[in-house]
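Colleague: Before we start, here is the structure in question, set down as structure tokens.
The values are calculated or read from the model by the stated rules, or taken from the named source; none is laboratory data. Keep in mind it's a predicted model, so treat the numbers as computed, not measured. Neighbour counts are summed over all protein chains in view; Cβ atoms, including those assigned to glycine, are modelled from backbone coordinates with ideal geometry. To get the accessible areas, we keep the full protein, side chains included, count just its heavy atoms, and leave off ligands, DNA and RNA. Shrake-Rupley method; radii C 1.70, N 1.55, O 1.52, S 1.80 Å.
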Amino acid sequence: LGGDQRRRLLESIMSDSSWLRATVENLLAITRLEDGGVNLKPTVELMDDVVEEALRHISPAVSHHTLTVDACPDIALVNVDARLMVQVILNLVDNAIAHTQDGSHIRIRTQMDANSVITEVEDDGPGISAQDRPHVFDSFYTAQDGAPDSHRSVGLGLALCRSIVTAHAGTIELEPASPHGCIFRVILPAASLE
């Protein structure tokens, strides 16, 4: 094999092994969370710091998109296991990267509302059909719009997000963006330093 072929094969092997590792980790994390086998280690965190940490780990494919982050104008504190909440934001952003076309826009926005901290990950991709929206947080569910193995998805990332957010007494929602795309909304109880 020539040098170019070897490099492409190696990149493919690395990509596949990373995907497999992440899939197994997600499956194990969901199982532990749902069985109560994870002891949360909550600390009071600034939600903007959680988002910033997640962005340090996102897919390099983000370079093919326009990513905008709107920091919260208020001090948005949450009492969370930071490592797990970083995983939620990371999964949502990586999901937007994987399921939108190159050149699409992805926006992360954090705001306060009464006693809640709301973080949204919005994209202007093709969106998710009305028939698929109620099921996107179910384990092993993949949208019907593409091939069953489209983007190598096995339907664990969003299920893990829901398990983590629920374990923190929060909620996660999906709604269509206008004129197209998705808005994933994570709502967590606000914390205070007192």
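Colleague: For the range 75-91, which positions are within 8 Å of the chain's Cα centre (by Cα) and open to solvent by 10 Å² or more (accessible area, probe 1.4 Å)? Give the steps one after another, and end with the answer.
Modeller: The initial filter retains those residues of the range 75-91 that are within 8 Å of the chain's Cα centre (by Cα), namely 87-91.
Gln87, Leu90, Asn91, listed by residue number.
Colleague: Cβ-Cβ distance below 9 Å, separation of 6 or more or different chains: which pairs start in the range 55-80 with a residue that is in contact (Cβ under 8 Å) with a residue 40 or more places away in the chain and end on one that is outside any helix (DSSP H, G or I) and among the aromatic types (Phe, Trp, Tyr)?
Modeller: Listed by first residue and then by second, the contacts come to nothing, as the list is empty.
Colleague: Kindly provide the set of residues from the range 167-184 that are open to solvent by 40 Å² or more (accessible area, probe 1.4 Å) and either modelled with pLDDT of 90 or more or touching a Phe, Trp or Tyr at 6+ places or on another chain (Cβ under 6 Å) (or both), ordered by number.
Modeller: Within the range 167-184, Ala169, Thr171, Glu173, Glu175, Pro176, Ser178, Pro179, His180 qualify.
Colleague: Considering each residue of the range 1-58, count those that are surrounded by 10 or more Cβ atoms within 10 Å (Cβ to Cβ), modelled with pLDDT under 85 and of a type in the set (Asp, Glu), and give that number.
Modeller: Count: 4.
Colleague: Examine the range 141-154 for a residue that is touching a His at 6+ places or on another chain (Cβ under 7 Å) and modelled with pLDDT of 90 or more, and state whether such a residue exists.
Modeller: no
Colleague: If you don't mind, another one. For the subset of the range 92-115 comprising residues that are outside any loop (DSSP other than H, G, I, E, B) and open to solvent by 50 Å² or more (accessible area, probe 1.4 Å), which member is nearest to His57 (Cα to Cα)? Break it down into steps so the answer makes sense when it comes.
Modeller: To start, the set of residues in the range 92-115 that are outside any loop (DSSP other than H, G, I, E, B) comprises 92-98, 105-113.
Next, from what is left, pick out any that are open to solvent by 50 Å² or more (accessible area, probe 1.4 Å): 105, 107, 109, 111-113.
Details: His105: 18, Arg107: 16, Arg109: 18, Gln111: 22, Met112: 25, Asp113: 28 Å.
Restricting to residues being outside any loop (DSSP other than H, G, I, E, B) and open to solvent by 50 Å² or more (accessible area, probe 1.4 Å), the top hit is Arg107.
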